[in-house]
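Chemist: One structure coming up, written as structure tokens, with questions to follow.
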Amino acid sequence: MKLYSVLGRPGAGCSTFLRTIAGHHSSFLGVTGSIDYSGLSPDEVRKHYRGAVAYVPEDDVHFPTLTVRQTLEFALQSKTPKRYRERIPRYLEIYGRVFGMSHTMNTLVGNEYIRGVSGGERKRISIIESLATDSSVACWDNSTRGLDASSALDYARSLRIMTDTCGKATLLTLYQASDAIYELVDKVLLIDEGRMLYQGPANEAKRYFEDLGYECADMQTTSDFLTSITLPERRRFRAGWEHRAPKGPIELEAAFRQSAAFSKIETDVESYEDQKLTGRSSAYPADSECDSVEVFKNTVHSDKSRFVSSKSPYTISLFRQVVLCAKRQMWQLKGHLGPLYVKLISCVVYGLLIGSMFYDQPQTTEGMYSRGGVLFYSSILLAWLQMSELEEAMQGRDILSRQKKFAFVRPSAVCLARVLSDMVITAVLTFLYLIVMYFLSGLRSDVSNFRILQEV
């Protein structure tokens with residue numbers, strides 16, 4: 001498999017291209033043309049093999065109160081049937097060593113408010129999480145944003161390792177990539193206004209545009225040189241080529257379609273079409289990535305849990321998803337106990353306040369109105385305590401959306417797990433509140449009053 005770099009100025013269509021390749025174009029007004037995943041249609045991949053094509057946005061969003069180990073363990077457990085669960089610790093150990101994350105396994109992921117791992121390490125978490133999907137195609141959108149030169153290089157090397165080790169087709173967009181990063185790339189695609197200006201080996205791209213009349217400035221990186229060709233204010237021409245070199249996306253696209261590089265693409269496409277019709281061609285040997293679709297389907301089906309339908313894109317059953325999500329909720333709670341402590345103290349304080357407001361109310365009909373006030377304020381306060389859960393639920397939407405596209409867990413499983421965990425926490429908070437308020441307010445404490453049936 002190859003590592004592809006998609007280059008272009010902002011707004012050229014690089015992100016749109018990656019989302020189209022990954023099949024994430026539901027928000028587009030329309031899509032023309034066709035996509036083929038080695039014999040599988042985009043609809044078939046989206047319905048039955050959703051995790052086979054992964055799109056990773058530029059923002060590395062993870063639950064900040066989980067440790068690195070818990071984040072990766074959740075991803076692996078969601079894609080591993082019960083019969084293979086004993087392999088997960090071994091996978092974590094291997095991933096930690098390969099990507100240099102062994103020393104951070106017990107560190108919180110963190111975010112801008114919670115201290116955790118660095119930005120480069122958070123990028124590696126995203127890489128390892130994408131490995132758990134066992135995808136054949138991985139698209140990384142502006143993946144080096146916010147990283148320094150050293151971290152970006154380490155990140156690119158990690159993608160190189162992932163591509164070579166796991167046999168994936170990796171596509172990524174890079175802005176202002178150094179030559180050290182560019183040398184790790186196998187092929188490059190240059191886009192401007194949605195038009196293909198070049199596609200081919202990365203080591204031949206610079207020579208191709210120099211032959212067209214463009215000049216690379218001193219100390220200019222190759223990726224910066226390729227991107228500058230699409231910017232009129234930054235592109236430079238060789239002496240005597242100012243009026244002869246093609247300019248603009250239309251002329252550059254026309255020049256590329258007449259080049260030998262484009263002829264090579266057409267030859268590869270024809271070989272692939274022949275391979276689809278005849279089984280295999282000489283261009284694709286038996287041990288290459290062009291295995292039959294049936295073998296792929298059988299492999300995916302064999303990796304599913306026994307209680308999961310072969311047409312389902314998920315690997316484990318709904319019950320295991322709910323249990324796994326509930327476990328994650330407990331991990332999140334344990335990782336950041338501050339909000340829970342605040343809720344516990346608030347319940348005690350609210351109980352003291354309400355109890356003091358209606359202290360020692362009479363047990364006769366004179367206290368009927370005040371007892372109604374106790375019940376009203378109690379119900380309102382306990383409802384207000386759950387308003388804090390809305391912020392956490394809203395912040396986790398992006399994570400839930402990504403994990404749904406990765407075919408980790410169903411959104412319904414996340415909702416059920418959250419309901420179960422909230423029921424336990426709410427029961428504890430309610431008990432603390434009632435144990436203080438009930439006796440202060442003078443509500444009836446005789447056990448006989450709670451009996452439904454009494455002897456006549």
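Chemist: Residues in the stretch 11-27 that are in contact (Cβ under 8 Å) with a residue 24 or more places away in the chain, assigned to a loop (DSSP other than H, G, I, E, B) and farther than 23 Å from residue 133 by Cα: how many?
Modeler: Qualifying residue count, the stretch 11-27: 2.
Chemist: Please go through (1) within 25 Å of residue 54 (Cβ to Cβ); (2) at pLDDT 80 or above; (3) assigned to a helix (DSSP H, G or I); (4) not assigned by TED's automatic domain parsing to the domain that holds residue 404 for residue 253 and return the number of the only condition it doesn't satisfy.
Modeler: (1)
Chemist: Now for a separate question. Of all residues in the stretch 104-122, which are at pLDDT 90 or above and surrounded by fewer than 19 Cβ atoms within 10 Å (Cβ to Cβ)?
Modeler: Scanning the stretch 104-122 gives 105, 106, 107.
Chemist: Restricting to the stretch 145-177, count the residues that are modelled with pLDDT under 85 and among the hydroxyl-bearing types (Ser, Thr, Tyr).
Modeler: 6
Residues are listed down the side, and each one gets a yes or a no for (1) surrounded by 14 or more Cβ atoms within 10 Å (Cβ to Cβ); (2) assigned by TED's automatic domain parsing to the domain that holds residue 134; (3) within 22 Å of the chain's Cα centre (by Cα):
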position	(1), (2), (3)
366	no, no, no
370	yes, no, no
384	no, no, no
396	yes, no, yes
408	yes, no, yes
413	yes, no, yes
417	yes, no, yes
434	yes, no, no
437	yes, no, no
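Chemist: Among (1) at pLDDT below 70; (2) part of a helix (DSSP H, G or I); (3) among the hydroxyl-bearing types (Ser, Thr, Tyr), which single condition is residue 426 missing?
Modeler: With respect to (1) at pLDDT below 70; (2) part of a helix (DSSP H, G or I); (3) among the hydroxyl-bearing types (Ser, Thr, Tyr), residue 426 is out only on (1).
Chemist: Please go through (1) in contact with an Asp or Glu (Cβ under 9 Å, 6 or more places away or on another chain); (2) surrounded by fewer than 22 Cβ atoms within 10 Å (Cβ to Cβ); (3) farther than 30 Å from residue 106 by Cβ for residue 29 and return the number of the only condition it doesn't satisfy.
Modeler: (1)
Chemist: A further question on this structure: Taking residue 347 as the residue in question, decide whether it is in a helix (DSSP H, G or I), surrounded by 16 or more Cβ atoms within 10 Å (Cβ to Cβ) and under 27 Å from the mean Cα position of the chain (by Cα).
Modeler: no
Chemist: Now for a separate question. Tell me, which residue of the stretch 350-381 that is hydroxyl-bearing (Ser, Thr, Tyr) and outside any helix (DSSP H, G or I) is nearest to residue 441 (Cα to Cα)? Talk me through it step by step, then tell me what you get.
Modeler: Restricting attention to the stretch 350-381, the residues satisfying the condition of being hydroxyl-bearing (Ser, Thr, Tyr) are 350, 356, 359, 364-365, 369-370, 377-379.
Okay, now just the ones that are also outside any helix (DSSP H, G or I), so 359, 364.
Working: 359: 4, 364: 14 Å.
Only one residue tops the list, namely 359.
Chemist: Please go through the stretch 41-64 and pick out each residue that is under 11 Å from the mean Cα position of the chain (by Cα) and surrounded by fewer than 17 Cβ atoms within 10 Å (Cβ to Cβ).
Modeler: The answer is 58, 59.
Chemist: What single numbered condition from (1) within 21 Å of residue 145 (Cα to Cα); (2) of a type in the set (A, V, I, L, M, F, W, C); (3) outside any strand (DSSP E or B) fails to hold for residue 54?
Modeler: If we test residue 54 against (1) within 21 Å of residue 145 (Cα to Cα); (2) of a type in the set (A, V, I, L, M, F, W, C); (3) outside any strand (DSSP E or B), just (3) comes out false.
Chemist: Also: Can you run down the residue pairs with Cβ atoms below 8 Å, 6 or more apart or on separate chains, where the first is in the stretch 30-44 and in the same structural domain as residue 16 (by TED's automatic domain parsing) and the partner is hydrophobic (A, V, I, L, M, F, W, C) and part of a strand (DSSP E or B)?
Modeler: That search, which allows pairs on different chains as well, returns 37/53; 37/137.
Here is a yes/no grid of residues against (1) in the same structural domain as residue 244 (by TED's automatic domain parsing); (2) within 31 Å of the chain's Cα centre (by Cα); (3) among the hydroxyl-bearing types (Ser, Thr, Tyr):
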site	(1), (2), (3)
177	yes, yes, no
181	yes, yes, no
189	yes, yes, no
193	yes, yes, no
219	yes, no, no
223	yes, yes, yes
226	yes, yes, no
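The values are calculated or read from the model by the stated rules, or taken from the named source; none is laboratory data. This structure is a prediction, so every number in the text was calculated from the model and none was measured. Heads up, the Cβs are rebuilt from the backbone with ideal geometry, glycines too, and the neighbour counts pull from every protein chain shown.
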